[in-house]
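Data first, discussion second: the structure below is written as structure tokens.
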Amino acid sequence: MDENLQTDSELLADWLMHRRERAFHALVNRYAGLVHSTARRTCGDESMAAEAAQLTFITLAKRAKSLAACHTLGGWLHRTSLLQAKNVLRQHIREKRKLEALENKMQTRSMDEATSAWADMQPILDDSLAALSETDREVLLLRYYRSHSISEIAGSLGIGTEAAKKRVTRATDRLRDKLAKRGYQAGSSLSASIAAGFSADAQAAVPTISTMAAKAIAAAGVNGGIGVAVTAWFAANAMRTTPVAVPIGAILLVSAGLGLQHQSIAKAEQQLASPTVASIPIKTRASRPVVSAKSPTSEIGESSINWPKVVEHYRTLDQQNRDSGIRFAYDFQQSLAKLSDERLAQELDAIESTGLNDEDKATADRLITEVATTNIPGVFLNKFSDRINPDSQGFHQEAFETALANFASKKPGDAIDWLDRQIAEGGFESKSLDEQVSPYWRFEGHMIWGLLSSNPQAAANRIRNFPENMKQEVLTPYKMGRSIRPEDRVTYVNLVREVLPEQEAIQSIADLIEQFQISDDFSPLPQFTDEIHATSAEMIPIIQRAAQTKFRKLSENRKVKLKDIEAFRKWVGNKLPDQVDQLTGKIIPLALFTQYHALDFEEAAAIAISIHQTDGNDDLLIPLIKASQHDSVFQPIVNKLIDSLTNPETREQMSQLIDKKK
């Protein structure tokens, strides 16, 4: 399905169920302009706005499950971005002592801006919006940020057209009152001013959407398994009106070790949990007779499952209590997973032959698909291969991709034969003019991931047929919605070395580090680098990525300390003793300039100078001097770093460099 046609709730459910990266990217793409422009108006600074926007989408990824019942996310994202921006602004003022500079920058406006209604409104707009009810704020953002028509708003909110029109009018009047209380008298052109202003801000510079989405996905990590998929789908299903055959989940993307968090996220979540922040309302269902949630195993007897009864039982439970419906679905799947392969195949046939209507059949499909694609992937592929739609990007497409990966892992020869037969029979003839978006490449890619554990050489042979610019993408785990099991890491490293250009292979190997849980002494990385026989060229990016990952993790609870740098130096000293100081100098700025603020500039300088006093190697200080901001606040610290340099020529070069920055 085209993501542009999906609702926010459908995209969020898609992300929760299947960890489909493109679904989350679609949400980021839809609201990046709103989030970033809200933050920029609050912070008055592009870099801080980018940071606040990133934190907002990290929070979305982390809290996605709790938002599954929301029809639209615009109001929640606006509120969150405003809170994040304020927290970021306060932190920058406090930690970097830039209050005067920031105030001057935020007050500096050109004469042209001052004469426009939008410029006059900007300083108080977001606080005024935040002061509205959730309902009013949501309808205004739908109308003026997303440019929805009245009928589209009615459809999004599940209300009549006339009711939607009145809601927009009332919300606009209330916003006018909020602005007036803050000193801005809005005339009759308020609606046009807001629409034009949002449009201009949305088209302004926004951080790269793909990068922002990828970071949010990585930072959120993944919690839970099939339960998350079940919860997400059944929450979304309650809001759908068109029956679509959606498998209940697929292999989830696992990003272990990336539970990244920032203090401002915690603050924002506390504020969002406040009773003053109203949740998006969920319509109450009509009362139904209470039905007991009997064990799903009672629905699975020795003979074929009574699927009409199962579907009816689930629906009744779900309508009287959504949690009961979700629990039933989860337990039912667990019971299905215990069936023999032969019996599970029979149940696939039974769903097709029972005579269910389209809606009931879609529900039955969702209940059984994940179990079938995991336990009997070959049967699933052979039975439903005629349903593969080359130009579809829907849920069911990913069920086939998951099944093929599992099939290749269990029976590599049979999986290869199946895919080759589909190709020969024209099963992947896409109407798309761009061969690189053809689902053939995705099917081939997922099979390669299955072959990684069962037949690595076959995987290497297949990927050699890929276009050069697609090989690394297919072998990037998060882009394919895959994870690398610990036992497959060495095989993966050998594969990327064999089929990718050297620099791309090195980057892919370094990317693996973010899946590790790194301890205080940086284990288990020494064992990993020994197992893969890492070269010197590979070790340097591995070391830098390890330090960056470690610092982000530390910053969840505290700042980086000298003892952490010393632990890093001990590990590096055992691998690359001649480059300890050079690499230490490079990783200290990494801690300084991550968005998680593992160090501030003064702390970083103190650590670097402390180590330099012992070793006397200027490589410890030069990267930090080069990374310093041309700000008068930092000048005394930069001067101290330069004065600490041992080599007079280097001191002179660094002094000239800093003078040019001023």
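The values are calculated or read from the model by the stated rules, or taken from the named source; none is laboratory data. As the structure is a computational prediction, the values presented were derived from the model and not from experiment. As a convention, Cβ positions derive from the backbone with ideal geometry for all residues, glycine included, and neighbour counts pool all protein chains shown. Areas reflect the complete protein model, heavy atoms only, side chains present, ligands, DNA and RNA absent. Shrake-Rupley method; radii C 1.70, N 1.55, O 1.52, S 1.80 Å.
Got at least one residue in the stretch 396-410 being open to solvent by 30 Å² or more (accessible area, probe 1.4 Å) and at pLDDT 90 or above?
Within the stretch 396-410, one or more residues are open to solvent by 30 Å² or more (accessible area, probe 1.4 Å) and at pLDDT 90 or above.
Considering the stretch 461-479 alone, what residues qualify as being under 29 Å from the mean Cα position of the chain (by Cα) and free of Cβ contacts under 8 Å to residues at least 40 places away in the same chain?
463, 466, 467, 468, 469, 470, 471, 472, 473, 474, 475, 476
At least 2 residues that are within 27 Å of residue 605 (Cβ to Cβ), among the polar types (S, T, N, Q) and open to solvent by 40 Å² or more (accessible area, probe 1.4 Å) in each: list the helices (runs of 4 or more DSSP H) lying fully within the stretch 513-579 that qualify.
The qualifying helices (runs of 4 or more DSSP H) are 536-554.
Would you confirm, using the coordinates I've provided, whether residue 637 is open to solvent by less than 70 Å² (accessible area, probe 1.4 Å), modelled with pLDDT of 85 or more, farther than 26 Å from residue 47 by Cα and over 33 Å from the mean Cα position of the chain (by Cα)?
no
Is it the case that the stretch 61-80 has a residue that's closer than 30 Å to residue 326 by Cα, of a type in the set (Lys, Arg) and at pLDDT below 80?
yes
Exactly one of these conditions fails for residue 55: (1) surrounded by fewer than 23 Cβ atoms within 10 Å (Cβ to Cβ); (2) assigned to a helix (DSSP H, G or I). Give me its number.
So the condition that residue 55 fails would be (1).
Scan the stretch 340-381 for residues that are surrounded by 16 or more Cβ atoms within 10 Å (Cβ to Cβ) and polar (S, T, N, Q) and report the count.
Matching residues across the stretch 340-381 total 6.
Quick one: would you say residue 584 is assigned to a helix (DSSP H, G or I), open to solvent by less than 60 Å² (accessible area, probe 1.4 Å) and within 22 Å of residue 644 (Cβ to Cβ)?
Considered against the rule, which asks whether it is assigned to a helix (DSSP H, G or I), open to solvent by less than 60 Å² (accessible area, probe 1.4 Å) and within 22 Å of residue 644 (Cβ to Cβ), residue 584 comes out as yes.
So which residues in the stretch 21-50 are within 10 Å of the chain's Cα centre (by Cα) and open to solvent by 10 Å² or more (accessible area, probe 1.4 Å)?
21, 22, 25
Just a yes or no: is a residue in the stretch 302-321 surrounded by 18 or more Cβ atoms within 10 Å (Cβ to Cβ), modelled with pLDDT of 85 or more and either touching a strand residue (DSSP E or B) at 6+ places or on another chain (Cβ under 9 Å) or not in a helix (DSSP H, G or I) (or both)?
Checked the stretch 302-321: at least one residue is surrounded by 18 or more Cβ atoms within 10 Å (Cβ to Cβ), modelled with pLDDT of 85 or more and either touching a strand residue (DSSP E or B) at 6+ places or on another chain (Cβ under 9 Å) or not in a helix (DSSP H, G or I) (or both).
Which members of the stretch 71-83 meet the condition of being buried (at least 21 other Cβ atoms within 10 Å of the Cβ) and out of contact with any His (no Cβ under 9 Å at 6 or more places or on another chain)?
Correct list: 72, 73, 74, 75, 76, 77, 78, 79, 80, 82, 83.
Quick test for you: out of 610, 632, pick the one residue that is modelled with pLDDT under 90 and open to solvent by 20 Å² or more (accessible area, probe 1.4 Å).
Among 610, 632, only 632 is modelled with pLDDT under 90 and open to solvent by 20 Å² or more (accessible area, probe 1.4 Å).
Just need a number here: residues in the stretch 375-388 that are among the polar types (S, T, N, Q) and over 12 Å from residue 404 (Cβ atoms).
The number of residues fulfilling the criteria is 1.
Is there any pair with a first residue in the stretch 534-555 that is touching a residue at least 60 places away in the same chain (Cβ under 8 Å) and a second that is part of a helix (DSSP H, G or I) and of a type outside the set (Asp, Glu) whose Cβ atoms are under 6 Å apart and which are 6 or more apart or on different chains, and what are they?
Close Cβ pairs (under 6 Å, with a partner that is part of a helix (DSSP H, G or I) and of a type outside the set (Asp, Glu)) amount to 549/513.
Which of the numbered conditions does residue 508 fail, given that it passes all the others? Conditions: (1) over 29 Å from residue 458 (Cα atoms); (2) surrounded by 13 or more Cβ atoms within 10 Å (Cβ to Cβ); (3) touching a residue at least 24 places away in the same chain (Cβ under 8 Å).
Here residue 508 clears every test but (1).
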